[in-house]
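J.: Before I ask anything, here is the structure I am working with.
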Amino acid sequence: MKTRILGKTGWSISEIGLGCWQLGNDFGPVEDKQAIAVLDAASEQGISFFDTADVYGAGLSEERIGRWLASSTLAPKIATKVGRDAALYPDGYTKEKIKQSLQASAKRLGVEIINLAQLHCVPREVLFAGDILAWMEDLQQEGVIEHFGASVEMLDEARFCCQSDKLVSLQMLFNIFRQDAVEEVFPLVEQQNIGVIVRLPLASGLLSGKMHHGYQFNEQDHRSYNKDGAAFHVGETFNGIPFETGVVLIDELKARLTSNHNVLDVALRWILDQPQVSTIIAGASQPSQVIRNAQASDLPVLNDELHTMLKDFYQTNVRQHIRGGI
């Protein structure tokens, strides 16, 4: 497993991380034994960065990571998020409430201080008011958190967050079906030494290449109940692309790839070919998926011809289908 530096933290972390949303049973039931097996597999693959949130399973994901940490001799960097809990979202944000939420996360994780606390897609008006970023700086000085970053939905939100001198990371929607950050954000994060944490690298599984028309999802899975943005931002599910349209696009993309390329490998390697990316947080509910994702670290760099094709395919075939803005 290769490593990269996460912005101003100076941490050397695995370039393939583990997204832990699924450990909160938000994609369907995951038993405790299975959750621990996933965390064990990640550690065995050299994955040293886990990403979770206080609202994943109402704290269940954090609790499971905490139990695993208590029994492990290893110490991966743990990033969690704050800002979507009902005590805060959508209009109850205060510095004290954020502090209480973070302290509750630390307790569930079994740590004295949170490695990285990320604002969790807070409402635009709250973010742009600016106070919340100042509060995170205060909480860092108070020793509640070691570092802070922001998880955002829109590129203008990412650019705004970059104005904070203390911000160390941006978690963003970014993949071969959502490429605009390359030109609109990455030059800025490089200038400011801000790490990029990529979420939805496979566009909610579309880019795994395994989905097909009529594919059924568990009713607890956001890919079932949020496919049109009924529960939260539509971009968080299938990249904002209607599922059936996404399946068609994947078939078109497969037809353009040579026989020695598959969609999943190309999707992950394309992200890693962006030097501003620090890590990809790929979710997995089975150890075999962890192993498969981790293998992307060993893939060779894509050639210029393939990069050009993927850029053109996005601009011509994909971009116009994204709902919810970019």
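Any read-out appearing in this document is the output of simple, stated calculations on the displayed coordinates, not a laboratory observation. Bear in mind that the values here come from a model prediction, so they are computed numbers and not experimental data. Note that each Cβ is placed from the backbone with ideal geometry, even for glycine, and that neighbours are counted across all protein chains shown.
J.: How big is segment 133-223 by Rg and Dmax over its Cα atoms, in Å?
T.: 16.4, 52
J.: Right, here's the next one. Can you compute log10 of I(q)/I(0) for segment 256-326 with the Debye formula, treating each Cα as one identical point scatterer, at q = 0.22 Å⁻¹?
T.: Those come out to -1.13, one per q.
J.: Can you tell me the order of 274-280, 6-12 when each peptide is scored by its average per-residue count of other Cβ atoms within 10 angstrom, highest first?
T.: Order by mean packing, descending: 274-280, 6-12.
J.: Pick from Ser72, Ser204, Ser48: which residue has the top mean-square fluctuation in a GNM of the chain where Cα pairs under 10 Å get a spring?
T.: Ser72
J.: Rounded to the nearest 5, what % of the DSSP beta bridges within segment 1-130 are antiparallel ones? All intermediate terms of the calculation are to be shown ahead of the outcome.
T.: Details: 3 of 12 bridges.
In segment 1-130, DSSP labels about 25 percent of beta bridges as antiparallel.
J.: Looking only at Gly92, Gly57, Gly83, which one moves most when the chain is put into a Gaussian network model with springs between Cα atoms under 10 Å?
T.: Gly92
J.: Between Ser259 and Phe232, what length comes free when the chain is fully extended (0.36 nm per residue of separation minus the Cα-Cα distance, one decimal in nm)?
T.: The Ser259-Phe232 span can extend by a further 5.9 nm.
J.: So what does the Cα-only Debye profile of segment 191-299 read at q = 0.15, 0.20, 0.22 Å⁻¹, as log10 I(q)/I(0), no solvent term?
T.: Debye curve over Cα of segment 191-299, log10 I(q)/I(0) at q = 0.15, 0.20, 0.22 Å⁻¹: -0.72, -1.19, -1.34.
J.: For the chain, which longest stretch is free of loop sites, where a loop site is one of the GluC sites (Glu not before Pro) that DSSP puts outside H, G, I, E and B and that has at most 15 other Cβ atoms within 10 Å?
T.: 220-326
J.: At 0.36 nm per residue, and after removing the present C-alpha to C-alpha distance, how many nm does the segment from Gln289 to Ser12 gain when stretched out fully?
T.: Values: separation 277, 0.36 × 277 = 99.72 nm, distance 2.32 nm.
Once the chain is fully extended between Gln289 and Ser12, it gains 97.4 nm.
J.: Next question. What is the magnitude of the charge dipole of the chain about its Cα centre, with +1 placed on the Cβ of each Lys and Arg, -1 on the Cβ of each Asp and Glu, and no other charges, expressed in debye to the nearest 20?
T.: Charge dipole of the chain: 380 debye, to the nearest 20.
J.: Next question. May I ask you to compute the full-extension gain from Arg323 to Asp131, defined as 0.36 nm times their residue separation minus their alpha-carbon distance, rounded to one decimal in nm?
T.: Values: separation 192, 0.36 × 192 = 69.12 nm, distance 2.91 nm.
Extra length from Arg323 to Asp131 when fully extended: 66.2 nm.
J.: Can you tell me what share of the DSSP beta bridges in the chain is antiparallel? A percent to the nearest 5 is fine.
T.: That works out to approximately 10 percent antiparallel.
J.: Which entries in the list Lys2/Lys210; Lys33/Lys210; Lys107/Lys227; Lys33/Lys99; Lys210/Lys254; Lys33/Lys227 go over 23 Å, if you measure between the two C-alpha atoms of each?
T.: Values: Lys2/Lys210 27 Å; Lys33/Lys210 26 Å; Lys107/Lys227 33 Å; Lys33/Lys99 32 Å; Lys210/Lys254 11 Å; Lys33/Lys227 29 Å.
From the list (Lys2/Lys210; Lys33/Lys210; Lys107/Lys227; Lys33/Lys99; Lys210/Lys254; Lys33/Lys227), the Cα-Cα distance tops 23 Å for Lys2/Lys210; Lys33/Lys210; Lys107/Lys227; Lys33/Lys99; Lys33/Lys227.
J.: While we're looking at this one, here's another question. Tell me the label-point distance for the pair Thr3, Thr245, using the 7 Å Cα-to-Cβ offset, in nm and rounded to one decimal.
T.: Simple spin-label model gives 4.2 nm for this pair.
J.: Which whole-angstrom value gives the distance between the alpha carbon centres of segment 126-168 and segment 41-88?
T.: Cα centroid to Cα centroid, the span is 20 Å.
J.: If I build a Gaussian network model for the chain, linking alpha-carbon pairs within less than 10 angstrom, which residue out of Leu127, Leu119, Leu302 has the largest mean-square fluctuation?
T.: It is Leu302.
J.: Across every pair of different alpha-carbon atoms, what Kirkwood hydrodynamic radius in Å does the chain reach?
T.: By the Kirkwood definition, the hydrodynamic radius is 19.8 Å.
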